[in-house]
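*Asks:* I'd like to ask you about the structure that follows.
Computed from the coordinates by the stated procedures, all read-outs in this text should not be read as laboratory data. Remember, predicted model here, so these are calculated numbers, not experimental data. Positions of Cβ are backbone-derived with ideal geometry, glycine not excepted, and every protein chain shown enters the neighbour counts.
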Amino acid sequence: MKITLKVNGVLHEVDVEPRKLLVHVLRELGYKSVRVGCDTATCGACTVLIDGRPVKTCNVLAVQADGAEIYTADYSDEVMEKLRGAFKRHHAAQCGFCTSGMLTTAYYLVRRGVKSEEEVVEGLSGVLCRCTGYQNIVDAVKEVAGL
Amino acid sequence: MKYVGRPIPRVEDELILRGKAAYVDDVELPGMLYAGFVRSPYAHARVLKVDFSDALKMPGVVAAFGPGDGGPFNFAPGGKVRYQGEAVAMVVARDRYLLYDALEKVAVDYEPLPAVLDIYEALRPDAPLVDESLGSNVVHDKVYEGGDPDRALKEADVVVEGRFVIQRIIPSAMEPRGVVATYDGDVLTIWSSTQVPFDVRKEVAKALGLPLSRVRAIQPFVGGAFGSKLLVYPEEIWVAAAAYRLKAPVKWVATRSEDFKAATHGRALTLEYRVGASRDGRILAVTGTVYADAGAYYWGEGLADTAAQMLPGPYDIRHGRVRAVAVLTNKTPLSAYRGAGRPEATLFIERIMDHVADVLGMDRVEIRRRNLIRQLPYRNVFGITYDTGDYPTAFERGLERLGYRDLKRWADEEAKRGRIIGVGFSVYVEITTFGYETAVLRAERDGSFTLYTALTPHGQGLATALAQVLADELEVPMERIKVFWGDTAYVGDGIGTMGSRSITAGGSAAILAARRLKEELAKAAEKLLGCRPVYSGGIFQCGGNSVTIEEVVKAVYRGKAEAQLTVEAIYRADATFPFGVHVAAVELDPETGFVRPLLYRSYDDVGVVVNPLLAAGQAIGGALQGIAQALYEEAVYDESGNLLTPNLAFYYVPTAAEAPRYEVYFADEPHPSKHPTGTKGIGEAATIASTPAVVMAVEDAIRRLKPGVRIDKTPITPEDVWRLLR
């Protein structure tokens, strides 16, 4: 099936098998920051923004995303750069495998205007991290969200 | 301009935060083929026949390998599979989706055999044998002994007996294991999500009969490991062998469900103990047996032994006898998980201290105070010599700094408002660092330096920490140092990142390399200056003249002076011993039995702290893993050997919502190791200390409602708490 995906502002027209997962299509398009960490939509390493909302792309068929506007952790704008700076200062990444999912989710939370630490924690709880114990990630997001 | 001791953000982050860090699945080669494995649904079965005929007819299938293929393809050794998830065959296809279609078409005839899952059942004389050639399921049995434990027990005022069971943990690094291999007819190159590229190279070369010089192993970015990637796994050999046989690039990346069975598990130790104490609370003798539930193959050598040898912990116990027994069962093989024997030793001895304190009616702080080792170095009863430290002082300061008594008072106050809060602490000494490590340092002609380390960082930030250590030794700005790792083309041999050894072993090797390089450059500078120079801040000076490092290196490259510009240093690093005190507070909901970790505080004497930002990161992340061991995680098998927690949806790796608030402190007066870096290691300390602190906190909370309750296992699930309360 022919579908179109707009990824980080770039339009892609791709021919995909109906059974193909969006995460695999994005990775084949070169968006390697979208990572596969599980097969049950639990870990969140494949989280991207689809039409403004964080979605685990291992749980979506590429054909379901036809026409979608997608942002990955490769994206760059003021908010994403602020998040990158805060993640670095707070030592919010260790092995880095979950970091893309954390960044895209954090981007959504900041854009949405999170109001409290509890909201940050709840918002990030869909992405698993095995290295950091989460605190530095939470602190980095709070800083960018002005909390 | 000292860099060591400063909280410098990581140089690695630029790649990671821009999605540019390349993990093994990101390695793309033209004509890539994809490998997958047929894995046994049975825990124990004879493999009668593997039939590829239908699979080979599937579109895109290139090759298949099974038990009949011999050589490196040693599937189902002895004609049987010994745990659910053990590979019996391999299929290679042009596309991942076609690969999985084909894997379903491989027909395997199994003859199921009775499986043995429980260590006590495995020890019975009539138990099914996991490995018939051994004649028993006991694969390792060793006694560690010192002093006169029998007499000490006889003379003790009280003898306390018990058993503590530590669950199986699935390490769950966020990146599953994976391998890419390619052979161009000349050199075999392997990328692997591993902690041990040097071992991968050695094992692959051996399996294929290739000289080491024609095998190159590369560790790309690795998405966590925690000990689960420190063995060379069969898949690494098989994928390399397939690439070699097919002369094509082959990639295998485990799915999470696959990884849960095909990557090693951790912990799974049980201690039966008998301890003698005097009325005034001195522990006179510790005796017992540590059983390891080793799984189907004895890959996790030494886990029960480390737990046995470190069982005395930071306490002066003069008499002991502990047996370390490893028992085969039909489960995924057991191996290292963050701490590998020391978390178990610490949890065991801390529980024993509490048990004895309860029997004697003694305060839990007081009993430790009376038993702590007073003078370092100290040789423990099993012959392990703790190097440096001042345990009594660090213990008292730690408890004070962490606010232990204030937290106890706060919990009492909150109890009046109906909140049930428990507070616990733990004390530990642990053993880190072993073996040798290699550093290759090159002076570049622009005055910058390139370090090739044999360390294998996978999240620790060692490129940053090594650059700090080197910048101080070379007296140059950190920005002039670039660190490469994880490639056997750079360094001939080494061990890697594990056992909290990296900055101590690899950092010390880097310091030695820097010293040697300075000597070399000084020789060349002497030739250029005509007098014996003094080095400072990148400049050689004597007789009123000076040359910069850059000028010296250029002169050497042009043949005007002689020096080695690339030096290699190999450093042998003996063990060193961190010490610390940790405190945890939890809140208990008596209706549901649910326990929420509220806060976690650590005070560690780990010697020199190279980078407090990164060290705190290790402490915080390590603490949550230990907390999760105390409260959430467990690999559960049914009686047939089916893994009932086969993926992250069933196995509870904590999320941000479960994480407590952490505070990390390092000792006011640290006791450095004797190594050039003065470090002791921080990678595992918090994982070691956090489980016993949380267990004590949970017990403290439960005892507010039901005095006398004792916890004798991990994890403590809500159901356990609920039952203990009734």
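*Asks:* What nm value, rounded to one decimal, do you get for the distance between B:Arg151 and B:Glu111 when each label is placed 7 Å out toward the C-beta?
*Replies:* The two pseudo-label positions are separated by 5.7 nm.
*Asks:* When only alpha-carbon atoms are used, what values of Rg and Dmax, in angstrom, describe chain B?
*Replies:* Cα radius of gyration and Dmax of chain B are 27.2, 86 Å respectively.
*Asks:* Another one. Given a Förster distance of 30 Å, report the FRET efficiency between B:Ala489 and A:Arg112 from their Cβ-Cβ distance, rounded to the nearest 0.05.
*Replies:* Rounded to the nearest 0.05, the efficiency is 0.05.
*Asks:* Roughly what % of Cα-Cα distances in segment B:223-307 sit above 17 Å, to the whole percent?
*Replies:* The calculated P(r) of segment B:223-307 puts 65 percent of pairs beyond 17 Å.
*Asks:* Using alpha carbons only, what's the Rg to Rh ratio of segment B:236-374 with Rh from Kirkwood?
*Replies:* 1.20
*Asks:* What does the convex hull of the Cα atoms come to per residue for the protein assembly as shown, in Å³?
*Replies:* Measuring per residue, one finds 175 Å³ for the Cα hull of the protein assembly as shown.
*Asks:* Assuming R0 = 45 Å, can you tell me the calculated FRET efficiency for the pair B:Thr592 and B:Arg214, based on Cβ-Cβ distance, to the nearest 0.05?
*Replies:* 0.15
*Asks:* Per residue of A:75-81, how many C-beta atoms from partner chains lie within 10 Å of its own C-beta, taken as a mean?
*Replies:* Mean number of neighbouring Cβ atoms from other chains: 1.
*Asks:* Just counting partner chain Cβ atoms within 10 Å, what average do the residues of peptide B:642-654 show around their Cβ?
*Replies:* Neighbouring Cβ atoms belonging to other protein chains average 3 per residue here.
*Asks:* Here is a follow-up. If the reach is capped at under 12 angstrom between alpha carbons, list the aspartates and glutamates near B:Lys482, excluding any in the same chain fewer than eight residues apart.
*Replies:* B:Glu12, B:Glu444
*Asks:* Using the alpha-carbon centroid of each, what span in Å lies between segment B:415-434 and segment B:527-566?
*Replies:* If we compute the Cα centre of each part, the gap is 56 Å.
*Asks:* Which GluC sites (Glu not before Pro) does segment B:594-667 hold that lie in a coil by DSSP with at most 15 other beta carbons within 10 Å?
*Replies:* Sites meeting the loop and neighbour criteria: B:Glu639.
*Asks:* Here is a follow-up. Provide a whole-number value for the mean count of partner chain Cβ atoms within 10 Å of the Cβ atoms in peptide B:454-462.
*Replies:* Mean partner-chain Cβ count within 10 Å for B:454-462: 2.
*Asks:* Could you tell me the calculated FRET efficiency between B:Tyr100 and B:Ser536, based on Cβ-Cβ distance and R0 = 45 angstrom, to the nearest 0.05?
*Replies:* E(calc), rounded to 0.05, equals 0.10.
*Asks:* Past the 11 angstrom mark, what percentage of all C-alpha to C-alpha distances in segment B:1-45 do you count?
*Replies:* 81
*Asks:* Straight-line reach from B:Lys331: which aspartates and glutamates fall under 12 Å, measuring Cα to Cα and dropping same-chain residues less than 8 apart?
*Replies:* Of all the aspartates and glutamates, those that pass the test against B:Lys331 - Cα under 12 Å, at least 8 places apart if same chain - are B:Glu86, B:Asp118, B:Asp293, B:Asp638, B:Glu639.
*Asks:* Direction-averaged shadow area of the convex hull around the Cα atoms of segment B:590-688, nm²?
*Replies:* 9.3
*Asks:* Hey, another quick one. Counting other Cβ atoms within 10 Å of each Cβ, which GluC sites (Glu not before Pro) in segment B:144-215 have at most 15 and sit in a DSSP loop?
*Replies:* none
*Asks:* Sticking with this structure for a sec: In segment B:300-405, what is the volume of the convex hull around the alpha carbon atoms, normalised per residue and reported in Å³?
*Replies:* 140
*Asks:* Sticking with this one: How many nm separate the modelled label positions at B:Asp51 and A:Glu28, each set 7 Å beyond the Cα in the direction of the Cβ?
*Replies:* That separation, rounded to one decimal, is 3.2 nm.
*Asks:* Follow-up question, since we're still on this one. Tell me, what HN-Hα J-couplings in whole Hz come from the Karplus equation 6.51 cos²θ - 1.76 cosθ + 1.60 at θ = phi - 60° for each residue of segment B:182-191, using x for Gly and Pro?
*Replies:* In residue order, the calculated couplings are 8, 10, 9, x, 10, 10, 9, 10, 10, 9 Hz.
*Asks:* From the C-alpha gyration tensor of segment B:531-653, pull out the three semi-axes of the equivalent ellipsoid (sqrt of 5λ each), sorted largest to smallest, in whole Å.
*Replies:* With the √(5λ) rule applied to segment B:531-653, the semi-axes are 57, 22, 13 Å.
*Asks:* Restricted to Cα positions, what overall size does segment B:65-211 have along the principal axes? Three whole-Å values, descending.
*Replies:* Cα extents, longest axis first: 71, 38, 32 Å.
*Asks:* For chain A, what Kirkwood radius comes out of the mean inverse Cα-Cα distance, in Å?
*Replies:* Answer for chain A: a Kirkwood hydrodynamic radius of 15.3 Å.
*Asks:* If you find the alpha carbon centre of segment B:570-643 and of segment B:53-112, how far apart are they in angstrom?
*Replies:* Centre-to-centre (Cα) distance: 39 Å.
*Asks:* Lys and Arg at +1, Asp and Glu at -1: add these up for the other residues within a Cβ distance under 15 Å of B:His671 and post the number.
*Replies:* -3
*Asks:* Each label point is 7 Å from the Cα along the Cα-to-Cβ direction; what then is the distance between the points at B:Met32 and B:Arg445, in nm?
*Replies:* 3.7
*Asks:* A further question follows. Starting from the coordinates of the alpha-carbon atoms of segment B:514-562, obtain the Kirkwood hydrodynamic radius over all distinct pairs and give the value in Å to one decimal.
*Replies:* Kirkwood radius, segment B:514-562: 10.3 Å.
*Asks:* Cut-off under 19 Å on the C-alpha distance; same-chain residues fewer than 8 positions from A:Lys115 excluded. Which lysines are left, in chain and number order?
*Replies:* A:Lys82, A:Lys142
*Asks:* Let me ask you something else. Cross-link list B:Lys527/B:Lys674; B:Lys518/B:Lys674; B:Lys229/B:Lys518: which exceed 28 angstrom alpha carbon to alpha carbon?
*Replies:* Violating the 28 Å Cα-Cα cut-off are B:Lys527/B:Lys674; B:Lys229/B:Lys518.
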